[in-house]
Amino acid sequence: MKRGDRVATGELTPAHQEILQVLREARATYAHPVSSEEIGRRLRLTPSYVRAITRALVRMGLVAVRRGNGGGYYLPRRRGEC
C-alpha cells in the first residue's frame, strides 16, 4: 500500500503520529497553537512539508487550525471534555 492510499483510507502514517505526539506534548490549544515551524524544528522537517502532511489530519478531524498571526495547529476538544 502506498502512502497516499493509507491517508485516503484514514490510516495514520508515522509522520502523522509524530505530529500528533508533538501537539500532545506541547498541550496545544486554540489559545496556544503550535506553528508548522515549531513542529518542523522538533521533528527535523521543513515547515512546508509539515503543512502538507497535516492537511490529512485536519480533514480527519484530529487536528484543527488557527489561522493568522500567532496561528498554528492544535488538538480540538471532543464533546464532553472539560
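Just one of (1) under 9 Å from the mean Cα position of the chain (by Cα); (2) within 15 Å of ARG77 (Cα to Cα); (3) not small (Gly, Ala, Ser) trips up PRO33, so point out which.
Just one mismatch for PRO33, condition (1).
Given the structure, is ALA52 closer than 18 Å to GLU11 by Cα, out of contact with any Leu (no Cβ under 7 Å at 6 or more places or on another chain) and open to solvent by 40 Å² or more (accessible area, probe 1.4 Å)?
Judged against the criteria, ALA52 is a match.
Evaluate segment 55-67: report whether one residue or more is in contact with a Ser or Thr (Cβ under 9 Å, 6 or more places away or on another chain), touching a residue at least 12 places away in the same chain (Cβ under 8 Å) and loosely packed, with under 14 Cβ neighbours inside 10 Å.
No: zero hits.
Given the criterion open to solvent by 80 Å² or more (accessible area, probe 1.4 Å), over 12 Å from the mean Cα position of the chain (by Cα) and modelled with pLDDT of 95 or more, identify the matching residue among ARG77, ARG41, ARG24.
The unique qualifying residue is ARG41.
The values are calculated or read from the model by the stated rules, or taken from the named source; none is laboratory data. None of these values were measured; they are calculated from a predicted model. No Cβ is skipped: glycine too gets one built from the backbone with ideal geometry, and neighbour counts run over all protein chains shown. Just so you know, the surface numbers come from the protein's heavy atoms only, side chains and all, with ligands and any DNA or RNA stripped out. Shrake-Rupley method; radii C 1.70, N 1.55, O 1.52, S 1.80 Å.
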